[in-house]
1. Where does the chain land at 222 nm, in deg cm²/dmol rounded to the nearest 500, when only DSSP H runs of n ≥ 4 count, each adding -39500 (n - 2.57), divided by all residues?
2. Within a Cβ distance under 13 Å of Thr87, other residues only, what is the Lys/Arg minus Asp/Glu net charge?
3. Within 10 Å of each residue's Cβ, count the other Cβ atoms and sort Ser219, Ser335 from fewest upward.
4. Where the only charges are on Cβ atoms (+1 Lys, Arg; -1 Asp, Glu), what is the dipole of the stretch 218-301 about its Cα centre, to the nearest 20 debye?
5. Need one word for the stretch 71-215: rounded, prolate or oblate. Basis is the Cα gyration tensor (sqrt eigenvalues a ≥ b ≥ c); a/c below 1.5 gives rounded, then a/b vs b/c decides.
6. How large is ³J(HN,Hα) for each residue in the stretch 135-150, as worked out from phi by the Karplus curve 6.51 cos²θ - 1.76 cosθ + 1.60 (θ = phi - 60°), to whole Hz, x for Gly and Pro?
7. In whole Hz, what ³J(HN,Hα) sequence does the stretch 217-224 give by Karplus (6.51, -1.76, 1.60; θ = phi - 60°), x for Gly and Pro?
8. What lysines does Lys76 reach when the alpha-carbon gap must be under 21 Å and sequence neighbours fewer than 8 apart in one chain are set aside?
Amino acid sequence: MSAKLEFIDLKTQYAALKDRIAQRMQAVLDHGQYIMGPEVKELEDQLAARTGARHCITVASGTEALLIALMALDLKPGDEVITTPFTFAATAEMIVLLGGKPVFVDIEADTCNIDARGIEDAITPRSKAIMPVSLYGQVADMDEINALAARHGLAVIEDAAQSFGAVYKGRRSCALSTFGATSFFPSKPLGCYGDGGALFTDDDRLAQAAREIRVHGQSARYTHTRLGVGGRMDTLQCAVVLGKLERFDWELQRRAEIGARYESLLSDVRGVGRVAVRADRNSVWAQYTVLVDRRARVQELLKEAGIPTAVHYPKPLDQQPAYARFAAASGCPRSTHNAERVLSLPMSADLTEADQDRVIAALAQAVSASA
Ligand SMILES: Cc1ncc(COP(=O)(O)O)c(C=O)c1O
């Protein structure tokens, strides 16, 4: 049996960027401003410019970005936030942590993103915001969602944890709505070497609120104007992201090529469904995810062939014990259906064509052997 592949190959990336990242980190160790050092603002300026958002506020993680956005919007206990159940727990978790109520709207079967057509029926007088997730790296129907939100006076938070760098109708993920919230978790398209995240907004008042909430609600040193959190991103982690940005455009290009190659290789494989990408946007393929029947068996056969896979996500949040009390009476059948079938394949900017061929050959064999 040949060697096991990496699910996300951070080692090759590190080898390519080792000197750059070392220099960036050394600069922080030399100046010693570990918290809110100059790299924090440098990164925020670069990320704001890349997305086109007026403000970027780096924070401790993607989870913290969602929390701070909801706090800046003054989410109150009992307020409702419309979101998708087909996501990582953090999306709903921060709503519930603040006493809010996640209202789950089912996904589109083909993109796995929230179905914007289902949102209007979920709006009530308690609705405060809509929180679509740009799942696997593709933005949801943001124009439709923004239009609905404007009609009903709601905010929109894009959970862009998986989509930094994605393009939607010529605009960039993170800069499409009231707030965009991304994550620099190491395995994300743009990752650091620990936890990190960022918030984006065009609204000066909300940006100021987020900046204050990030540092315990301080509007000036030891003047605690509002309730906040310890939510800063370390200077060292900002330095890592700055180092990685130097190769990021190339990585986005590679991700697009590898994604397109997966698509074309898979068009010949029977029994494997693909996640649709709409023509007016792209995916940065935070995950390259397919849909298969008898997933557990397929996954086991791939493991035996040295191909690591993952499931994003095995159970929609409305079926998780911590969130089941928020489930809609009619459930979210398309989320349930896809959650039983999704399977993420190895994906990263450094995946070679030979390895990709190996993944597809093994997948084709596993699917036919499991039938
Ligand atoms: C959709 C989604 N939202 C939020 C998060 C939370 O990000 P972090 O792990 O940086 O807290 C993640 C990361 O796993 C995610 O995938």
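Values quoted throughout were computed directly from the atomic coordinates according to the rules given, and no laboratory measurement underlies them. These numbers come from a predicted model, not from an experiment. Glycine gets a Cβ as well: all are built from the backbone with ideal geometry, and neighbour counts include every protein chain shown.
1. Details: 11 runs with 142 residues, N = 371.
Dividing the helical sum by the residues of the chain leaves -12000 deg cm²/dmol.
2. On the way: positive: Lys315; negative: Glu93, Asp106, Glu158, Asp159, Asp318.
Taking every other residue near Thr87 into account, the sum is -4.
3. Working: Ser219 14, Ser335 27.
Placing the least packed residue first, the sequence is Ser219, Ser335.
4. On the way: 15 positive and 10 negative charges, 60 e Å.
The dipole magnitude comes to about 280 debye.
5. Working: a/c = 1.40, a/b = 1.11, b/c = 1.27.
Rounded is the answer for the stretch 71-215, as its axis ratio a/c remains below 1.5.
6. Each residue's phi maps through the Karplus curve to give 5, 6, x, 10, 5, 6, 6, 5, 4, 5, 5, 4, 5, 4, 4, 5 Hz.
7. So the J values, rounded to whole Hz, are x, 7, 9, 8, 4, 6, 10, 8.
8. Within the straight-line limit of under 21 Å, Lys76 reaches these lysines: Lys101, Lys128.
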